[in-house]
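The values are calculated or read from the model by the stated rules, or taken from the named source; none is laboratory data. Keep in mind that what you see is a predicted model, and the values were worked out from it rather than measured. Methodologically, a virtual Cβ is constructed for each residue, glycine included, from the backbone with ideal geometry; neighbour enumeration extends over all protein chains shown. Just so you know, the surface numbers come from the protein's heavy atoms only, side chains and all, with ligands and any DNA or RNA stripped out. Shrake-Rupley method; radii C 1.70, N 1.55, O 1.52, S 1.80 Å.
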Amino acid sequence: MGMLALTFASSSLYRMFCERTGHGGTTRVAQKMPTRIEERVITIRFNADTHRALPWDFQPSQKEIKVKPGEVALAFYHAHNRSSGHTMGMATYNVTPHKAGIYFNKVECFCFLEQHLEGGQETDFPVQFFIDPDLVKDPAMQDVDTITLSYTFFPLKKK
C-alpha cells in the first residue's frame with residue numbers, strides 16, 4: 001500500500017524537488033522581490049518552440065537582453081493562432097545551463113496559466129523575472145555569463 005501511495009505521489013514530489021533546487025533548469029516562482037542589484041551583467045537569451053499539434057506561431061519578441069542580478073526585467077513572446085478556430089495551449093519552461101535554474105525567478109509568467117487564442121488571433125505574452133543576486137556569490141556560477149530561457153507550447157483539449 002505504501003509503495004502504491006509513493007508511486008502516486010512521485011511526480012508531485014519530483015516537481016517540488018525541481019522547483020526547490022532548480023534541477024533540470026526548473027526556474028523558481030519569486031516569493032519576494034530582490035533588495036539589491038549586483039554589477040555583474042548576465043545575457044538572457046530567449047527560445048520558443050511549439051508542439052506540431054498546436055497551430056501557433058510562437059517566438060520571442062527579442063533575441064536577448066542584458067540584466068544585472070537583482071534587476072527586474074520584462075520580456076515578451078508573440079503568438080499567432082494560424083487556424084480558424086479556438087485553440088488552447090500551455091507552456092512548459094526551463095533554463096540552461098541547468099545549474100542557473102535555482103537563481104532564475106519568475107515574478108509573472110504566461111506559463112502559469114492556460115492560454116486561449118481565437119482563430120487568427122495574435123497576442124503578446126509577458127514574462128517578468130529577475131536573477132537572484134546571490135548568483136554572484138556562488139563559485140559554481142562564475143562561468144555563467146549567458147542564460148537561455150526556453151518555452152515550449154503544447155496543445156490542451158477543450159473541456
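Structural remarks
- One residue stands out in segment 127-153 among those that are surrounded by fewer than 14 Cβ atoms within 10 Å (Cβ to Cβ) and either small (Gly, Ala, Ser) or within 20 Å of the chain's Cα centre (by Cα) (or both): the one that is nearest to Gln59 (Cα to Cα), namely Thr146.
- Lone unmet requirement of (1) more than 17 Å from Ile37 (Cβ to Cβ); (2) loosely packed, with under 14 Cβ neighbours inside 10 Å; (3) of a type outside the set (A, V, I, L, M, F, W, C); (4) over 12 Å from the mean Cα position of the chain (by Cα) for Lys66: (1)
- Flag for Val29 being of a type in the set (Val, Ile, Thr), modelled with pLDDT of 95 or more and open to solvent by 60 Å² or more (accessible area, probe 1.4 Å): no
- Thr123 vs. criteria closer than 18 Å to Asp49 by Cβ and of a type in the set (Val, Ile, Thr): yes
Table: residues versus (1) under 21 Å from Pro155 (Cα atoms); (2) assigned to a loop (DSSP other than H, G, I, E, B).
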| residue | (1), (2) |
| --- | --- |
| Ile44 | no, no |
| Asp49 | yes, no |
| Glu71 | no, yes |
| Gly85 | yes, yes |
| Ile102 | no, no |
| Val107 | no, no |
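- Qualifying residue in segment 124-141 (condition: free of Cβ contacts under 8 Å to residues at least 12 places away in the same chain and outside any strand (DSSP E or B)): yes
- For Cys111: the one exception among (1) touching a residue at least 24 places away in the same chain (Cβ under 8 Å); (2) outside any helix (DSSP H, G or I): (2)
- So Tyr77, is it at pLDDT below 95, closer than 14 Å to Phe129 by Cβ and either in a strand (DSSP E or B) or basic (Lys, Arg) (or both): no
- Residue count, segment 69-90 (criterion: out of contact with any helix residue (DSSP H, G or I) (no Cβ under 8 Å at 6 or more places or on another chain) and either open to solvent by less than 40 Å² (accessible area, probe 1.4 Å) or among the hydroxyl-bearing types (Ser, Thr, Tyr) (or both)): 10
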